[in-house]
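Okay, structure first, notes after.
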Amino acid sequence: MKVVPTRLPDVLLLEPRVFGDARGFFFESFNRRSFSTAGVDAEFVQDNHSRSHRGVLRGLHYQIEHAQGKLVRAIAGVVFDVAVDLRRGSPTFGKHVAIELSADNKKILWIPPGFAHGFIVVSEAADFVYKTTDYWYAEHERTLLWSDPALGIRWPLDGAPVTTPRDAAGSPLAAAETYP
């Protein structure tokens, strides 16, 4: 597995070894030993799968208690995936990293606890799967405003994104609950 550093040192882009031939391909999407060696030494407790169509923007989500680390990838289609550092004591607080994840590139992104996460679908549709290091707790979930100018995220938009009312009303970074 190849580990590609991102502009946020704790967020890792993982490129698995893909073995392909005339029959198709094979790769390990998760192997605890390999991932631990690559810097992702986490215990996962939940797997999630979403399907969305072009222009759907989900996020930027995080849990203020029971912070979740996430191992994310697209298994169909293409997404523009974003992680924002919400750890006040971090030198990269308020900074983000954006990566294109697709079924074709098979890249996997590790987002440790303490980050908000979201994505927008840039293909006709996308299936997105991710493992989390803690369970989902509705009462602890928060939303960082995806369009906050302070974040400087250049979303690949063609018109207004499709969001939930909760995502449309997220908190700007200046007012968001954050981590120490």
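Read-outs throughout are calculated quantities, based only on the coordinates presented, and are distinct from any laboratory measurement. The structure displayed is predicted, hence computed values, not measured ones. Every residue, glycine among them, receives a Cβ derived from its backbone with ideal geometry; neighbour counts consider all protein chains shown.
Once the Cβ-Cβ distance of residue 93 and residue 162 is raised to the sixth power relative to R0 = 35 Å, the FRET efficiency obtained is 0.75. Note on residue 64 and residue 129: with the Förster distance fixed at 30 Å, the Cβ-Cβ geometry gives a FRET efficiency of about 0.80. Extension gain, residue 47 to residue 138, is 31.1 nm, computed as 0.36 nm per intervening residue step minus the present C-alpha separation. Would you work out which of 169, 86, 130 lies farthest towards the positive end of the dipole of region 42-175? Charges go on Cβ: Lys and Arg +1, Asp and Glu -1. Going by the Cα projections, it comes out as 86.
Karplus-derived 3J(HN,Hα) values for region 67-76, using 6.51 cos²θ - 1.76 cosθ + 1.60 with θ = phi - 60°, are 4, 9, x, 10, 10, 10, 6, 9, 9, 8 Hz; glycine and proline are entered as x. With the simple model of a label 7 Å out from the Cα in the direction of the Cβ, residue 3 to residue 30 spans 1.9 nm.
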